[in-house]
Structures are given as C-alpha cells and as structure tokens.
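Everything on this sheet refers to the single structure shown next.
Just so you know, all these numbers are worked out from the coordinates, no wet-lab data involved. Bear in mind that the values here come from a model prediction, so they are computed numbers and not experimental data. Cβ placement follows ideal geometry from the backbone for every residue including glycine, while neighbour counts extend to all protein chains displayed.
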Amino acid sequence: MKKALAGPAKRSAKKKPKRRAMIAAARRRIGAAPRAAMQLTRRADHAANRLLERAWPLLVRASRAVRSIAAPPLRRGMRVARSAGRRVQAAERRLLRWIGRRLRPIAVLLFRLLSGLEKGIRRSLAAAVRAADRASAVLTPRRAICAVIVASAACLAVSQFVDYRAVEVGQPGYADLPGATPPTVGMEHAGQPHLYLLLPVALLAAALAGLALRTEKRQLGRVVFGLGLLSLAVILLVDLPAGLDTSSQAWQFSGTSAVLNNGFYAELASTAGLMLGGLLLARGPRSAPAHRRQHGPRRPRLTRLVRSRRRRRWFTNSRGDAPSKQADEDLRRSALRA
C-alpha cells in the first residue's frame, strides 16, 4: 500500500523563531514628521492671531492718540508750505515777466532778421529761377554744342602758334640737381611740322558750327567730327614723331632728349573737343521749328469730312485733337443738307 504524503515537519523545540524587522515601522516614523510640523505651524499661527487680536485695540488707540497730537502741526506745516509755494510762484511770475520785457526787443529784432533773411532767400531763388529760364531760352543745347565747337576750333587755331616741343641738352648732368633745369634748344611751334594745316581746319570747323546753328542740319556735325578725326591723325602721325626726333641736335650736343610742351597737349584737347562737339551735334536733339518758336503751337482744326458706308469719321490735323461738339454738329448738318 502507498503511504500518504508527509506534512510539514513539526519542530520539537519550545523556542519560537526570530522574526525579521519590518519596514512599516520606519515608514510610519518618516510620515509622522510632516504632520508634526504642520501641527506646530498651526499652533504658532493661532497664537500669533490671538496676540494680534488682543493688540489691535491698543494699536488703534495709539494711532488715534498720535493723530490727535500730530494733526495740528501737520496742518500748520501744510498751510505754511502752501503759502510759501504761492509766494514762490508769484516771484517766478514776476521774474519771468521782467525777463520777458527785457528780452522782447531782442526777440523781435531776431525774428525780423529771420523774416528778412527768408524774404531775401525767396527773392534770390525767384531771381535764380527767372535767370535759369531766360538762360535756358537763350542757351539751348544746340547752341551750347556749337559754342563748344567754336571754342575748340579757336583753341586749335591758337595752339598752332605755341611751342609744342623742345630739346633738352645735357640732361644726365642735371639728374642729381632738383633745383636746376637743363637748357633747351630747337623750340618749334605746333604748326611748323604740318605747315599750319590745322589752322584752316579750325576755321572751317567754326564756320560749320555757325552754319549748323542756323540751318539745324545734322550732317554738319558729321563733317565737324571728320575734321576733328583728321586733326587727330595729323597730330599723332606728323607732330608726335617730329616732336620726339632729336637727330638734328644730337650731332651738335651730347645728352639730348626731346620733350613735348603745352602746345602739343593743347592740340590734343582741341581735337577732342571738336570730335565730341561734332558727335553731339550729329546725334543731339533738334530744336522746335521756326513757326513754333515765334507763334507757339498751332491750334487744331477740322480738315475734312469723310463719309463711309458703316459710319462717319471726323478727321483732324496731324496732332489728332478731336473737334468740339458744336463744330461736329454743324458739319453733320451741312453734310445732311448736301
């Protein structure tokens, strides 16, 4: 036969086993500390509240007593301060009035000077505007361009009689002497190398500028530009090599070097002015026609009436201004009668 399972072993010893310490007791001690602190603060609040309730009547009585004692001096002080403030304000007013009376003539004079200065500025500006209008009516862009061409031609003509080159002798010996200059020989006028060819060119350019001012033809500007280009070619191909040539003085002197003077640069500047003026004259705007300069713009007028199968069209002059209603009605009636 099978035996039944044996149960837990019974201890024969009379002593009970030791139990481990439980954590719940420690948790109870930790949670009791905030509660105790809250109770202490509540007790302190209740005690402070009772003290304040007991002291409040005493504080009210003390404040009343202090108010009754300090109120009269405070009132007197306020009255004195008000009266002093009124006196100070009155004194300030009197002082300002006295200063204003003394400074009033100076201020009046200053403002009169400012007004006179403003009037003078306005008058000068108006005079400048009138002068600018008159100058713009007299000095038109085309006239200014022609004046530039004439001035450049005159400068080119004068430059033909100015020394344009020279030969310095013994220049290496004067290199270390900044205050001394070497002697010069072989000076020539600008017109000698090309036999004064640019003199008639300058006169022709000035004449063409005057003719362009009267006839207002742009082709004359192209001719002036061509004359300037011709002058530039003569200067660069004839005057420049001849000015830098020292062969005629090299066998007579030692250490010779050619230098270009003001005449050469005057020729170049005049030629540039001619070319620029001719280009502007050829490409610049044209002035108003003669009848507009004298009588102003013409008034629009109705030229003709054209009948069409679909509708009637009313044509005006080249400006395209429409006729008035009365003229339109009159022309329509005359067309119907015809």
Convex hull (Cα only) mean projected area of the range 41-147, reported in nm² to one decimal: 22.5 nm²
Based only on Cα atoms, what mean projected area does the convex hull of the range 66-105 have, in nm²? 2.6 nm²
Net charge of Cβ neighbours under 13 Å - reference G116; Lys, Arg +1; Asp, Glu -1: +3
Between W98 and H46, what is the spin-label point distance in nm, taking each point 7 Å from the Cα along the Cα→C-beta axis? 7.6 nm
Viscosity 1.567 mPa s, 4 °C: Kirkwood-radius Stokes-Einstein D of the range 45-84 over Cα pairs, µm²/s: 105 µm²/s
With label points built 7 Å along Cα→Cβ from the Cα atoms of A144 and K217, find their separation and express it in nm. 2.6 nm
